[in-house]
Amino acid sequence: MDLVNQQQDRVVRALEQTFEKLKSGRELRALKAKEYHCQARCYENERISEDQLEHCANNCSMPVARFINFVNKEYSGVVERTNRCGLQCLDAEKDRLGSKFEESQNISFSKEFQSCVTRCIDDCLNIHMPKTQKEVQRELAAVKID
């Protein structure tokens, strides 16, 4: 199953690059700056109680926290899709080999299995990942902090 590990490594690298690009991007930095300015205004307001201060500061951080949760959920979906690639291709291999599958478990998987996994991961990275990135960018643009 070395091929599956190689393919999973491709997915991990793609996700890491995507997260790094997102974290270092202007939009997220600007959003975080707004969050901190909002929190600073809470702390500068000497007329509010300690409870109100905590509530105010938490309200400032909620939009960013919701966005981060959204990002995690969206990219978890991509990871789930890629995880299913191996299972789908394994099922196809079982169907192809029928009763011979049990005997062949100790041998390396066929070229059909390997190309199935590669094709499936390619689809995830080339089709689903860009769609997810667009959704994340759309969500990021919609985040508002007062």
> Under a point spin-label approximation (7 Å from Cα along Cα-to-Cβ), what is the HIS55-ARG10 distance to one decimal in nm?
Replying inline: 5.3 nm
>> Per 0.36 nm of contour for each residue apart, how much would the distance between LYS21 and LYS111 grow if the chain were fully extended, relative to their Cα-Cα spacing?
In response: 28.9 nm
>> Going by average Cβ density within 10 Å per residue, which order do the peptides 78-85, 131-138, 48-55 take, highest to lowest?
In response: 78-85, 131-138, 48-55
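Given only helices, namely DSSP H runs of n ≥ 4 each adding -39500 (n - 2.57), what is the per-residue ellipticity at 222 nm of the chain, to the nearest 500 deg cm²/dmol?
One gets -28500 deg cm²/dmol as the mean residue ellipticity at 222 nm.
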> What does the accessible area of LYS144 come to, in Å² to the nearest 10, when a probe of 1.4 Å is used?
Replying inline: 140 Å²
>> Using C-alpha positions alone, give me the convex hull volume of the stretch 1-83 per residue in cubic angstrom.
In response: 93 Å³
> For ARG47 and PHE70, what does the FRET efficiency come to when R0 = 30 Å and r is the distance between their Cβ atoms, rounded to the nearest 0.05?
Replying inline: 0.30
>> Just to be sure I follow the rule: in the stretch 40-134, considering lysines 8 or more places apart or on different chains, how many pairs have Cα atoms under 22 Å apart?
In response: 4
>> How large is the translational diffusion coefficient of the stretch 3-146 in µm² per second when you combine the Kirkwood radius over alpha carbon pairs with Stokes-Einstein at 37 °C and 0.692 mPa s?
In response: 179 µm²/s
> All other residues with a Cβ under 12 Å from the Cβ of LYS32 taken together, and with Lys, Arg as +1 and Asp, Glu as -1, what is their net charge?
Replying inline: +2
>> Suppose every Lys and Arg Cβ carries +1 and every Asp and Glu Cβ carries -1, with no other charges. What dipole size does the chain come out with about its Cα centre, to the nearest 20 debye?
In response: 540 debye
> At a 1.4 Å probe, what is the % contribution of carbon and sulfur to the accessible area of the chain?
Replying inline: 49 percent
>> Over the chain, with the other protein chains present, what is the accessible area per residue in square angstrom, probe 1.4 angstrom?
In response: 70 Å²
> Just how large is the dipole of the stretch 1-72 about the Cα centre, in debye to the nearest 20, putting +1 at every Lys and Arg Cβ and -1 at every Asp and Glu Cβ?
Replying inline: 400 debye
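The values are calculated or read from the model by the stated rules, or taken from the named source; none is laboratory data. If you're wondering where the values come from, they're calculated on a predicted model, not measured in any experiment. Counting neighbours? That spans all protein chains shown, and the Cβs are built from the backbone with ideal geometry, glycine included. Please note that ligands, DNA and RNA were not included when accessible areas were found on the heavy atoms of the full protein model with its side chains. Shrake-Rupley method; radii C 1.70, N 1.55, O 1.52, S 1.80 Å.
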